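The values are calculated or read from the model by the stated rules, or taken from the named source; none is laboratory data. Worth saying up front: this structure is predicted, and the values here are computed from it rather than measured. Don't worry about glycine lacking a Cβ; one is built from the backbone with ideal geometry, like all the others, and counts go over all protein chains shown.
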Amino acid sequence: MSRFISITQAREASGLRIAGLRGVPSPWTEAAKGIFHVKKLACQYAAQSKEDPDGALVAWAGDVGIPVVAYEKEKLRTGWAEILLLAERLQPEPALIPTDVDDRVELFGLSHEICGEMGLGWAYRLLMIQQSLDHGGESSFPPNIAGYLGQRYGMNPTHARVAKMRTIELLAMLSRLIEGRRYLIGNALTAADIYWATFANLITPLPENELPAVPMIRAAYTCTDKDVLGAISAELRALQRRVYDEHLELPVPL
């Protein structure tokens, strides 16, 4: 039985809800789902269904992208930081934001470098789009999808030129940070580890039986760029695996 409800049902429901796309492991959505799972927060997953009119999510939330997180009658949330802060308020334990102020500053800075504009996810998505446009859809997204995504996410020559450099730079930084450690910050799981594990699927996705994405998305998410792959250390790869094995839900509900 599907765990997903329609957008119409989510709009009328109470409690915690998250809306995304079926079969597409968007890392921003999967990170939010992972945070809710770790905190054991009851959350209803929603996606466009045959019961919904066309554009039901846009009609509810505006053209803000995904995920869209709703809690009771509070404002809708779409940003990674505001979703994390909501989860911490609803269920303080286990804490995914460190209490130590220096660690907390590191957490939000590091998380921005993974989730924020021109962070790892953003830069690598631009790289995927550029590769798709350059190669006529032979790699990553088909040309029509690449064109749509490029327009939506502000593809421009300046960002395209730095996207690969930024991706490699951030992967190398994360590889240095995890060296000799179990977690990215301190001695316990934080949101940063969840962000890395879910965003890593853009480059090295989990096996199909664990991440049942639609075939086109799985193909687009499988990196073949040797420079990018070479920036991911064995320890950083192991962190992705460990976070899923020990903390997140498998198989990933898509």
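Of all residues in the range 170-197, count the ones that are among the basic types (K, R) and in a loop (DSSP other than H, G, I, E, B).
2
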Residues that are buried (at least 16 other Cβ atoms within 10 Å of the Cβ) and among the small types (G, A, S): does the range 32-41 have at least one? yes
When every residue in the range 1-21 that is under 26 Å from S111 (Cβ atoms) and assigned to a loop (DSSP other than H, G, I, E, B) is compared, the one modelled with the highest pLDDT is G15
Subset of the range 1-22, residues among the charged types (D, E, K, R) and either touching a Phe, Trp or Tyr at 6+ places or on another chain (Cβ under 6 Å) or surrounded by fewer than 16 Cβ atoms within 10 Å (Cβ to Cβ) (or both), comes to R3, R11, E12, R22
For the subset of the range 27-62 comprising residues that are out of contact with any helix residue (DSSP H, G or I) (no Cβ under 9 Å at 6 or more places or on another chain) and part of a loop (DSSP other than H, G, I, E, B), which member is nearest to Q91 (Cα to Cα)? K40
Please enumerate the residues belonging to the range 53-112 that are touching a residue at least 60 places away in the same chain (Cβ under 8 Å) and touching a Gly at 6+ places or on another chain (Cβ under 7 Å). P98, D103
Residue ranges of helices (runs of 4 or more DSSP H) in the range 198-254 with at least 1 members assigned by TED's automatic domain parsing to the domain that holds W122, buried (at least 17 other Cβ atoms within 10 Å of the Cβ) and under 17 Å from the mean Cα position of the chain (by Cα): 215-220, 234-246
What is the one condition in (1) surrounded by 19 or more Cβ atoms within 10 Å (Cβ to Cβ); (2) under 13 Å from I35 (Cβ atoms) that I114 does not satisfy? (2)
Of (1) closer than 15 Å to I35 by Cα; (2) assigned to a loop (DSSP other than H, G, I, E, B); (3) basic (K, R), R89 fails just (2)
